[in-house]
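K.L.:
The structure's right below; bear with me while I get my questions together.
Throughout, read-outs are computed from the coordinates displayed, never taken from laboratory work. If you're wondering where the values come from, they're calculated on a predicted model, not measured in any experiment. Please note: Cβ atoms are built from the backbone with ideal geometry, for glycine as well, and neighbour counts cover all protein chains shown.
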Amino acid sequence: MNISEFVDKTEAKCRAQFARIDETAYKNQKKVLDSFRTHKIALRHFAPTSGYGYDDVGRDTLNALYADVLDAEKAVVSPLIASGTHALTVALFAVLRPGDTMLSVTGEPYDTLHDVIDGKGIGSLREFGIRFESVDLKNDRIDSDAVKAAVKKLNPQWIFIQRSRGYNWRDALSIDEIAGAIADIRRYADCPVMVDNCYGEFVETVEPCAVGADLVAGSLIKNIGGGLAPTGGYVAGKAAYVDQAAYRLIAPGIGTEVGSYAAGYRLFYQGLFLAPHITAQAIKTSVLFGAAFSSLGYETMPAPDTDCKDIIRSIRFRTPEEVIAFCQAVQYSSPVDSFAVPEPWDMPGYDAPVIMAAGAFVQGASIELSADSPIRPPYVAYLQGGLTYEHGKIALAECLARIVNKE
Ligand SMILES: *Cc1c(COP(=O)(O)O)cnc(C)c1O
């Protein structure tokens, strides 16, 4: 196969989708810029702070920007939040109390939350007398009848929605679907909704809080950090809940009145400013990979021509060798550690060996081009990120060279 011809032809087929992605990026760029203007962002906001960080204007104003772009009343965003899992943990422990029940309506939550929910002897929600139950999706959709029955039976204090797909063969939820589910639940129950917003930011033109979510949480080394945020996470939503989250993150009664960052905040601001565009680059990369592999007969999720609702592309390979070759090609195509050759290994928390390709400037940042796969049937590789579409295109050619033209 002539790979560069094939990639160009595939790219041509993606033009209509690319135009829609550009339109979304344009609207989100305007939203972000408007917020920067409203808050009169200036050099002083980037300055390093130390110690308690009282009156840290960089920290406080970043919170305000995040609230705006996430369509929320208030936000706490911080380099002191170590990961998306940490942000979600802060949110969960902030609003749940002993005796409460959280009901997930998108099935089991993301792998790293399992210990948070019911780990033994490590301070999990269960050990504080908090139940976490879930209703599985039905044909990739929130099963509204089953949710209604579960709400009647369990009388939960909170509802949980995972926007992105996690390590599952399902598509992410659109904002419309989230809106519909929340509106539906509100008809018979008066309970607030928390959304795991990882990988969802800026994929559409509004965020979950615009359609009724009460609290969202996410990671800064995914979409919203724009590839520049060096670390961090956020919790955003209704002011009263965000205050609880700030108290849980720092200390009750203190919240985000303290918290300094000696490296300065410029990368968080600049990353947020770039995030709509960077997210679009990642989505275009995902669309190109989807179109290429599906035209070669591989099943991809979402299906080609379907608009993306997160930045991930799932590709179902036929053999472990293909998945491994795919991940190794992505690694070889990375700007950092291109010389490393990833192998499957027994990662803690997974029931099968996992192979991970990540040659990122920010360690583990999956807004940068990365791929991973548990080595077990049905041999699905999850590809995400790409700071530039051009980089995604180069990586695709390498993947094809190793999988299709391997002889
Ligand atoms: C990435 C992710 C998380 C959090 O993961 P971290 O690696 O801790 O940042 C949570 N939920 C979903 C759906 C994710 O994709």
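K.L.:
Which one of these is of a type in the set (Lys, Arg), more than 16 Å from the ligand (Cβ to nearest atom) and in contact (Cβ under 8 Å) with a residue 40 or more places away in the chain: Lys153, Lys138, Lys148? Before the answer, list the steps.
P.N.:
On the way: Lys153 fails: in contact (Cβ under 8 Å) with a residue 40 or more places away in the chain; Lys138 fails: in contact (Cβ under 8 Å) with a residue 40 or more places away in the chain.
Just a single option satisfies the conditions, and that option is Lys148.
K.L.:
While we're on this one: Which condition does Ser50 not pass, out of (1) among the hydroxyl-bearing types (Ser, Thr, Tyr); (2) over 17 Å from Tyr265 (Cα atoms); (3) exposed (fewer than 15 other Cβ atoms within 10 Å of the Cβ), if it passes all the others?
P.N.:
(2)
K.L.:
Among the residues in the range 87-101, are any within 12 Å of the ligand (Cβ to nearest atom), under 22 Å from Asp351 (Cβ atoms) and hydrophobic (A, V, I, L, M, F, W, C)?
P.N.:
There is at least one residue in the range 87-101 that is within 12 Å of the ligand (Cβ to nearest atom), under 22 Å from Asp351 (Cβ atoms) and hydrophobic (A, V, I, L, M, F, W, C).
K.L.:
Just checking, which of Ala12, Ala72 is away from the ligand (no atom under 16 Å from the Cβ) and surrounded by 14 or more Cβ atoms within 10 Å (Cβ to Cβ)? It would help to see each step written out before you state the result.
P.N.:
Numbers: Ala12 fails: surrounded by 14 or more Cβ atoms within 10 Å (Cβ to Cβ).
None of the other options fit; the residue is Ala72.
K.L.:
Is it the case, given these coordinates, that Gly233 is among the small types (Gly, Ala, Ser) and either in contact with a Cys (Cβ under 6 Å, 6 or more places away or on another chain) or closer than 30 Å to Glu11 by Cβ (or both)? Outline the logic, then answer.
P.N.:
Numbers: among the small types (Gly, Ala, Ser): yes; either in contact with a Cys (Cβ under 6 Å, 6 or more places away or on another chain) or closer than 30 Å to Glu11 by Cβ (or both): no.
Taking the combined requirement at face value, the residue does not satisfy it.
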